[in-house]
Amino acid sequence: MAIRKVRIMGDEVLTKVCREVTEMTPRLRQLVNDMFDTMYDSMGVGLAANQVGILRRIVVIDCGDDPHVLINPVIIETAGEQTGPEGCLSLPGQSGIVTRPDYVKVKACDEDMEEFVLEGEGLLARAICHECEHLDGHMFVEKVEGPLEDVDYEE
Ligand code: ZN
């Protein structure tokens, strides 16, 4: 188990476009495992590779249903709309209201570079959109409606 340092908004790496993965390597498998460890350690539901400083198109998501690894994800269909609070491990302690599709279909590769399609609704759809934007160097704050709010953590 290895927790990596989550980069905080203002770090240049979060504004960079990540590169496609062409081949799975032991090093990238380790990265995926570490991303899950890091996400769970921070109580997050999603993490993109550039949030731990690696410019590769890799996303991990777990909204409480199943852990998902999305390599080279491409959103191929969206439908509906949801508006609600959203946060990011790269902006700890703050959240904002963001409107997202309520349904997303994403094409990606798994850890064996086999292509698959994942459909998500609600929180999973929100997480897929949020994480895919990270890979293109964008943060959710660009889409926040109104002010950012402080989040109270219960320890
Ligand atoms: Zn984020």
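Tabulated data
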read-out	value
Rg followed by Dmax, in Å, when the range 86-155 is reduced to its Cα trace	14.0, 42
Rg/Rh for the chain, where both radii come from Cα atoms and Rh is the Kirkwood radius	0.94
Normalised contact order of the range 48-155, rounded percent, pairs of Cα under 8 Å and 6 or more residues apart	28
Stretch gain in nm, segment Thr99-Met1, where the contour uses 0.36 nm per residue and the Cα spacing is subtracted	31.8 nm
Percentage relative contact order, the range 1-66, counting C-alpha pairs under 8 Å, at least six apart	41
Global geometry of the range 1-92, whether rounded, prolate or oblate, following the gyration tensor of its Cα atoms and the 1.5 cut on a/c	rounded
Loop-located GluC sites (Glu not before Pro) in the range 4-63, at most 16 other Cβ atoms within 10 Å (DSSP)	Glu20, Glu23
Asp136/Gln82 FRET efficiency (R0 22 Å; Cβ-Cβ; nearest 0.05)	0.55
Estimated dipole of the chain in Debye, rounded to 20 [Cβ of Lys and Arg +1, of Asp and Glu -1, Cα centre]	680
Low-density loop cleavage sites - trypsin sites (Lys or Arg not before Pro) in the range 1-48, where at most 15 other Cβ are within 10 Å (DSSP)	Lys5, Lys16
Nearby lysines by direct alpha-carbon distance to Lys143 (threshold 18 angstrom, same-chain neighbours under 8 apart not counted)	Lys16
Pairwise label distance in nanometres, Glu12 with Tyr40, each label 7 Å out on the Cα-Cβ vector	3.4
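Coordinate-derived values only; no laboratory data. Because the structure is a prediction, the values reported are computed rather than measured. Because the Cβ atoms are built from the backbone with ideal geometry, glycine has one as well, and the counts that use them run over all protein chains shown.
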